[in-house]
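A short worksheet on the structure shown next.
Every read-out reported here was derived from the displayed coordinates using simple, explicitly stated rules and does not represent laboratory data. These numbers come from a predicted model, not from an experiment. Cβ placement follows ideal geometry from the backbone for every residue including glycine, while neighbour counts extend to all protein chains displayed.
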Amino acid sequence: MNYLGVGISPGNVPVYHASNLKVIDRRVRVAELVLRCLICGLSVLAAVLIGTDTQVKEIFTIRKKARFTDMKALVLLVVVNGVAAAYSFIQVVRCVVGMVRGSVLVNKPLAWAIFTGDQGMAYLNVAAVGAAAQSAMFAKLGQTELQWMKICNMYGKFCNQVGEGIAMAVLVSVCTVVLSCISAFSLFRLCGKNKAKSSSGW
């Protein structure tokens with residue numbers, strides 16, 4: 001009996017045909033490649049937007065220059081996005097080579113390494129974006145209780161460009177979270193295949 005590509009075994013357990021598994025594998029690999037390319041490009045864009053952002057303001061003949069290094073949260077965000085871009089580029093090369101060769105990931109230690117790396121990148125990006133967003137809110141709104149002034153009233157261009165960089169970093173964070181889910185799916189499916197092979201050998 002066959003319904004939507006799912007066969008029914010004598011034990012009433014759904015059995016997926018090999019052709020459907022290949023289609024799923026292909027789609028997962030394409031989605032992974034697209035996400036890694038997006039992360040690489042958006043990370044570079046976020047790092048460049050924030051890292052090159054400066055504005056000079058003259059206050060009572062005193063020239064003050066605003067730079068991203070004045071806020072440690074922005075420094076962290078630039079570093080994390082640089083690391084994410086480099087890591088994603090390496091993974092893009094791996095994905096392209098795998099797709100050209102037509103090979104599927106069957107190495108369990110490598111799958112664990114990719115899963116761990118993707119999880120680490122997701123946590124790092126989310127933490128860095130959270131810290132940068134909080135600092136940006138203080139710069140935009142100030143904190144009257146602590147007598148912190150609204151910096152963005154003086155450095156409008158600087159704050160606008162930082163906001164654009166943080167927006168790109170938020171997109172990177174979303175992509176890394178989705179990608180970590182995909183790598184978890186690939187790893188657990190690989191572990192399921194190994195368990196099925198070992199059980200069939202008995």
Seminar exercise, completed: Between GLN55 and residues 5 or more places away or on another chain, the pairs with built amide H atoms under 5 Å apart involve ALA66
For this session: Could you tell me the convex hull volume per residue, in Å³, taken over the Cα atoms of segment 61-138?
Result: 99
Problem set entry | Cα→Cβ-extended label distance, 7 Å offset, between VAL79 and ASP25, nm | 4.1
Exercise. Could you give the nm distance between label points at ARG189 and THR54, where each point is 7 Å from its Cα heading toward the beta carbon?
Worked result: 4.9
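Round to the nearest 0.05 the FRET efficiency obtained for LYS65 and ASN153 when R0 = 22 Å and r is the Cβ-Cβ distance.
Once the sixth-power term is evaluated, E becomes 0.85.
Work out the FRET efficiency for ALA86 and ALA113 from their Cβ-Cβ distance, taking R0 = 22 Å, and round it to the nearest 0.05.
My answer for the efficiency is 0.90.
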Exercise. How much length is gained on full extension from ALA127 to LYS140, taking 0.36 nm per residue of separation minus their Cα-Cα distance?
Worked result: 2.7 nm
